[in-house]
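The block underneath contains the structure these notes are about, expressed in structure tokens.
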Amino acid sequence: MEKPDTELTPGAPELLTSRLRLRGWRRRDLEPFAAINADPVVMEHFVDVQTADESNRFVTQRIAADFAARGFGTWAVDRLDTGEFVGMVGLLSQTYPAPFTPCVEVGWRLAAAQWGQGFATEAAQRSITFGFEAGGLTDIVSTTAVVNARSQAVMVRLGMTRDPTEDFDHPKVPTGHRVERHVLYRMSRRRWRELAS
């Protein structure tokens, strides 16, 4: 029997911000993460909520594969003040058919109770820095449904830019679904350096 604290992404680098720890995934994270993915508030701008099995596979297969292949990925995130697991933030490889793929996307999914405190922006900034400094990336993108104003506001705060001509219909979303149309935001290493200077 596996222990509750079994590492799911061994060797994942740990990153710190002033308020957050971005770390590798452990088996004990699966249950609270599944609760986040089952929350219709959190998943409002997705096609549907996820079952526990779908959520678990996302971590143990999709996220774990990124860390194994690249040495970085989408981190589990804890608050430093309480030690509480709050969700995921990080860098996910995307290969679905689109003009800008394959690519690396910065993304986030936090428990609704943690919204409005700047955690997504703070952790995403740290992820982007790692991607350009240690990950060797030259470009990072972020996408979300056109109707998801909250996530787009995070992208703007990160300094990412959008060209409306690059908006696209997400190939993994059913035709005609209200979240089919997506925006694309970009951050180049050059722009990141300019913003950091």
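The values are calculated or read from the model by the stated rules, or taken from the named source; none is laboratory data. These numbers come from a predicted model, not from an experiment. All Cβ positions, even for glycine, are placed from backbone atoms using ideal geometry, and neighbour counts span all protein chains on display.
Quick check on segment 146-167: of everything there that is touching a Ser or Thr at 6+ places or on another chain (Cβ under 8 Å) and surrounded by 15 or more Cβ atoms within 10 Å (Cβ to Cβ), which residue is nearest to Gln125 (Cα to Cα)? Walk me through it before giving the result.
Of all residues in segment 146-167, those touching a Ser or Thr at 6+ places or on another chain (Cβ under 8 Å) come to 151-152, 154-155, 157-158, 160.
Checking the rest, the ones that are also surrounded by 15 or more Cβ atoms within 10 Å (Cβ to Cβ) come to 151-152, 154-155, 158, 160.
Working: Ser151: 14, Gln152: 14, Val154: 10, Met155: 10, Leu158: 6, Met160: 11 Å.
Taking the candidates together, the pick is Leu158.
Taking segment 10-23, which residues are surrounded by 15 or more Cβ atoms within 10 Å (Cβ to Cβ), hydrophobic (A, V, I, L, M, F, W, C) and either free of Cβ contacts under 8 Å to residues at least 60 places away in the same chain or not in a loop (DSSP other than H, G, I, E, B) (or both)? Hits for segment 10-23 are Leu15, Leu20, Leu22. Within segment 108-124, residues that are over 14 Å from Pro40 (Cβ atoms) reach partners that are among the aromatic types (Phe, Trp, Tyr) and assigned to a helix (DSSP H, G or I) with beta carbons closer than 8 Å, at six or more positions or on different chains, in the pairs Leu110/Phe119.
Residue pairs whose Cβ atoms lie under 6 Å apart, sitting 6 or more positions apart in sequence or on different chains, and linking a residue in segment 30-50 that is at pLDDT 95 or above to a partner that is loosely packed, with under 15 Cβ neighbours inside 10 Å and in a loop (DSSP other than H, G, I, E, B), are Val49/Pro40.
Quick grid of which residues meet (1) aromatic (Phe, Trp, Tyr); (2) surrounded by 16 or more Cβ atoms within 10 Å (Cβ to Cβ):
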| site | (1), (2) |
| --- | --- |
| Trp25 | yes, yes |
| Glu31 | no, no |
| Ile36 | no, yes |
| Ser55 | no, yes |
| Thr60 | no, no |
| Val77 | no, yes |
| Leu80 | no, no |
| Gln94 | no, no |
| Leu110 | no, yes |
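Here the condition is being within 16 Å of the chain's Cα centre (by Cα) and either within 26 Å of Asp78 (Cα to Cα) or outside any helix (DSSP H, G or I) (or both); of Gly159, Gly116, Gly176, Gly135, it holds for Gly135 alone.
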